[in-house]
1. So what is the 222 nm mean residue ellipticity for the chain from helices alone, if each DSSP H run of at least 4 adds -39500 (n - 2.57) and you divide by all residues, rounding to the nearest 500 deg cm²/dmol?
2. Under a Cβ-Cβ cut-off of 12 Å, what is the net charge of the residues other than Thr34 that fall near it, where Lys and Arg count +1 and Asp and Glu count -1?
3. Percent relative contact order of the chain, based on C-alpha pairs within less than 8 angstrom and at least six residues apart?
4. Could you work out how much longer the chain between Lys29 and Arg8 gets when fully extended? Use 0.36 nm per residue separation minus the Cα distance between them, nm to one decimal.
5. Considering the zone a paramagnetic label at Val1 would reach in this model (a point 7 Å from Cα along the Cα-to-Cβ line), which residues of the range 14-33 have amide N under 16 Å from it?
6. Treating only the Cβ of Lys, Arg, Asp and Glu as charged (+1, +1, -1, -1), what charge dipole size does the chain show about its Cα centre? Round to the nearest 20 debye.
Amino acid sequence: VHISAVERAGLHTLNEGQKLTYDLEQDRKSGKMTVCNLQAAYN
């Protein structure tokens, strides 16, 4: 996951190896897949 997606999600700190949940969607401009609904997974 790119750091810009982490910042957009408002996640200020992540630990190495921390699990995340996210959805993928297609970017309307570029057609590339992008991350949305990024959240830290707490188990």
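What follows draws every value from the coordinates through simple rules; no lab data is involved. Here the structure is a predicted model, which is why all the values come from computation and not from measurement. Cβ: placed from backbone, ideal geometry, glycine included. Neighbour counts: every protein chain shown.
1. So the calculated ellipticity at 222 nm is -3000 deg cm²/dmol.
2. +1
3. Working: 47 pairs, mean separation 17.7, N = 43.
41 percent.
4. 5.7 nm
5. Backbone N within reach: 14-25.
6. Working: 5 positive and 5 negative charges, 27 e Å.
Value, rounded to 20: 140 debye.
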